[in-house]
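Chemist: My questions will all concern the structure given below.
The values are calculated or read from the model by the stated rules, or taken from the named source; none is laboratory data. Please read all numbers here as calculations on a predicted model, not as lab measurements. Using ideal geometry, Cβ is built from the backbone for each residue, glycine included, and neighbour counts are taken over all protein chains shown. Accessible surface areas use protein heavy atoms only, side chains included; no ligands, DNA or RNA. Shrake-Rupley method; radii C 1.70, N 1.55, O 1.52, S 1.80 Å.
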Amino acid sequence: MALLVRRARRAATKAAVSLGGGGGSGSSSVELAIPAHYRCPISLDLMRDPVTAPTGITYDRESIEAWLDTGRATCPVTHAPLRHEDLVPNHAIRRVIQDWCVANRSRGVERIPTPKIPVTPVQASELLFDLAGCARRRDAAAPARCAEVVAKIKALARDSERNRRCFASIGTGRVLAAAFESLASAAAADAAPAGRVLEDILAALVCMMPLDEEAARTLGLPSSLGSLVAIAENGTLAGRLNAVLAIKEVVSCDGAFTDLSGKVDEIVDALAKIIKSPICPQATKAGMVATYHLALYDERVAARLAAAGLVPVLIEALVDADKSMSEKALAVLDAVLASEEGRASARAHALAVPMLVKKMFRVSDLATQLAVSAMWRLGKAHSDGEEEENAVTRCLVEALRVGAFQKLLLLLQVGCRDATKEKATELLKLLNKYKSVGECVDAVDFRGLNKLSS
């Protein structure tokens, strides 16, 4: 309350908007005072969509909804209880503000547009009822009618965050997932494509993410997964992105993919295709998250990912990746290295060890932990075969040459999680056996140690 009062007083003394008259050096600016009752008490800006609380205080909708979204369910001025549903559009003050804007148009003020009426739960429920009914019908007109209803849902949800929350709160994600599954099953039974309607439903589903467990389970049914994989491989660019995002929701949800109904191989191949031939960064990152969960799900999945040629792609993606991409690529790489095929592929790649060592202390604590874990997998022999022993030796010697020993020592000094500490300690013991062979240490190496964490 006190903060709002202080801000309002400061605004009252300097309540003016600078309206530029042009771009030249000779242009002058006109200061136009905005009436205090046209300003939102929170943002102190001109209200564009004024709404009034039961306390009688009028706010700009965007500001007060942002306030409530932080969990503060009270009126900022009076501290009385306040909910989203309590806000009522103040058409009178909005029209007065619009008239003021028009009156000052010559001074550079633009008229605020009339806000669209938000969707109500009743209206949203009617659309969902129509969609559920259309999806259950098995006639030729059903897909077209479903597409029409989905288009309305998608347009309203994208119109404002308030509308999106309204749809999400009444279970729109579950209804859309059920409609997707029903139309996919019908298309599979008739051996005929469902057309663009499935991609349209996916686009609306993305607006409702994150999905709840029921919606994720519905998308994890065999018919739904089959259609998701087909769209991910052969759909439009937008459809492929949305399909990958949906697959990520399925495999990331606890308990949603305990039984993938024999679709694991198809999903893995589709995700590997997205990662190897990127269509956009968002799809690549979503594909990596989904791939990570699948690789943890079963070591055979990790082996299949390695057989699909994903290891070299992940290593090379690390070369110039940002923080988010680095963490995701390292997570997938570490999971794939749990398989013998993954380790063999990484040990054969010239950049594998140098990139893992380089990412330590360079990206984030999580990236460092993942890089150490991946190095630990590569530095341990998992069988008594001579070929693997030689490959492990080459990895350890290379790690020494690129400074892994010093970085691991530093990691133990600055501290890390217990699991990472155990792996780092074991790696140091393994590396110590080859210090005389591979390490080249001079004063320059030690002078740079204090910079490794920057």
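Chemist: Quickly run through the stretch 155-176 and pick out the residues that are of a type in the set (Lys, Arg), under 18 Å from residue 242 (Cα atoms) and over 19 Å from the mean Cα position of the chain (by Cα). Spell out the reasoning first.
Modeler: We begin by selecting, within the stretch 155-176, every residue of a type in the set (Lys, Arg); these are 158, 162, 164-165, 174.
This time we only want the ones that are under 18 Å from residue 242 (Cα atoms), so: 158, 164, 174.
Once the filter is applied, which keeps residues that are of a type in the set (Lys, Arg), under 18 Å from residue 242 (Cα atoms) and over 19 Å from the mean Cα position of the chain (by Cα), the stretch 155-176 yields only 174.
Chemist: Go over the candidates 97, 64 one by one and state the one that is in contact with a helix residue (DSSP H, G or I) (Cβ under 6 Å, 6 or more places away or on another chain) and either at pLDDT 90 or above or open to solvent by 30 Å² or more (accessible area, probe 1.4 Å) (or both).
Modeler: Values: 64 fails: in contact with a helix residue (DSSP H, G or I) (Cβ under 6 Å, 6 or more places away or on another chain).
Just a single option satisfies the conditions, and that option is 97.
Chemist: Looking at 427, 452, can you tell me which residue is at pLDDT below 90 and under 36 Å from the mean Cα position of the chain (by Cα)? Explain how you work it out, then say what you get.
Modeler: On the way: 427 fails: at pLDDT below 90.
Answer to the check: 452.
Chemist: Please determine whether any residue of the stretch 124-134 is out of contact with any Lys or Arg (no Cβ under 6 Å at 6 or more places or on another chain), of a type in the set (A, V, I, L, M) and farther than 30 Å from residue 91 by Cα.
Modeler: yes
This table checks each residue for (1) open to solvent by 40 Å² or more (accessible area, probe 1.4 Å); (2) in a helix (DSSP H, G or I); (3) hydrophobic (A, V, I, L, M, F, W, C); (4) at pLDDT 95 or above.
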site: 291; (1), (2), (3), (4): no, yes, no, no
site: 300; (1), (2), (3), (4): yes, yes, no, no
site: 303; (1), (2), (3), (4): no, yes, yes, no
site: 319; (1), (2), (3), (4): yes, no, yes, no
site: 343; (1), (2), (3), (4): no, yes, no, no
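Chemist: Specify which of the listed residues (106, 169) is loosely packed, with under 14 Cβ neighbours inside 10 Å, over 18 Å from residue 207 (Cα atoms) and among the small types (Gly, Ala, Ser).
Modeler: Answer to the check: 106.
Chemist: What do you reckon, is residue 258 hydroxyl-bearing (Ser, Thr, Tyr), open to solvent by 40 Å² or more (accessible area, probe 1.4 Å) and at pLDDT 90 or above? Can you show your working first?
Modeler: Working: hydroxyl-bearing (Ser, Thr, Tyr): yes; open to solvent by 40 Å² or more (accessible area, probe 1.4 Å): yes; at pLDDT 90 or above: no.
So residue 258 does not fit the description; no.
Chemist: Looking at the stretch 67-93, which of the residues that are part of a loop (DSSP other than H, G, I, E, B) and among the hydroxyl-bearing types (Ser, Thr, Tyr) is least open to solvent (accessible area, probe 1.4 Å)?
Modeler: Once the filter is applied, the top-ranked residue is 78.
Chemist: Suppose the filter is modelled with pLDDT of 90 or more, open to solvent by less than 20 Å² (accessible area, probe 1.4 Å) and assigned by the TED database to the domain that holds residue 135; does residue 241 pass it? It would help to see each step written out before you state the result.
Modeler: Values: modelled with pLDDT of 90 or more: yes; open to solvent by less than 20 Å² (accessible area, probe 1.4 Å): no; assigned by the TED database to the domain that holds residue 135: yes.
For residue 241, the condition - modelled with pLDDT of 90 or more, open to solvent by less than 20 Å² (accessible area, probe 1.4 Å) and assigned by the TED database to the domain that holds residue 135 - is not met.
Chemist: Go through the stretch 126-202 and tell me which helices (runs of 4 or more DSSP H), entirely inside it, have 2 or more residues that are among the charged types (D, E, K, R), touching a residue at least 12 places away in the same chain (Cβ under 8 Å) and within 22 Å of residue 231 (Cβ to Cβ). Before the answer, list the steps.
Modeler: Numbers: elements: 142-159, 161-169, 172-190.
Filter on the stretch 126-202 gives 142-159, 172-190.
Chemist: Whether any residue in the stretch 329-338 is part of a helix (DSSP H, G or I), buried (at least 18 other Cβ atoms within 10 Å of the Cβ) and of a type in the set (Val, Ile, Thr) is what I want to check.
Modeler: Step one: list which residues in the stretch 329-338 are part of a helix (DSSP H, G or I), which gives 329-336.
Then keep just the ones that are buried (at least 18 other Cβ atoms within 10 Å of the Cβ); that gives 329-336.
From what is left, the residues that are of a type in the set (Val, Ile, Thr) are 332, 336.
Yes, the stretch 329-338 contains a residue that is part of a helix (DSSP H, G or I), buried (at least 18 other Cβ atoms within 10 Å of the Cβ) and of a type in the set (Val, Ile, Thr).
Chemist: Can you name every residue in the stretch 145-160 that is under 20 Å from residue 118 (Cβ atoms) and of a type outside the set (S, T, N, Q)?
Modeler: If we filter the stretch 145-160 for residues that are under 20 Å from residue 118 (Cβ atoms), which is where we start, we get 149-160.
Listed by number, the residues that qualify are 149, 150, 151, 152, 153, 154, 155, 156, 157, 158, 159.
Chemist: Here's another thing I want to ask about it. Determine, yes or no, whether residue 324 is touching an Asp or Glu at 6+ places or on another chain (Cβ under 7 Å) and either open to solvent by less than 30 Å² (accessible area, probe 1.4 Å) or in contact (Cβ under 8 Å) with a residue 12 or more places away in the chain (or both).
Modeler: Working: touching an Asp or Glu at 6+ places or on another chain (Cβ under 7 Å): no; either open to solvent by less than 30 Å² (accessible area, probe 1.4 Å) or in contact (Cβ under 8 Å) with a residue 12 or more places away in the chain (or both): yes.
Taking the combined requirement at face value, the residue does not satisfy it.
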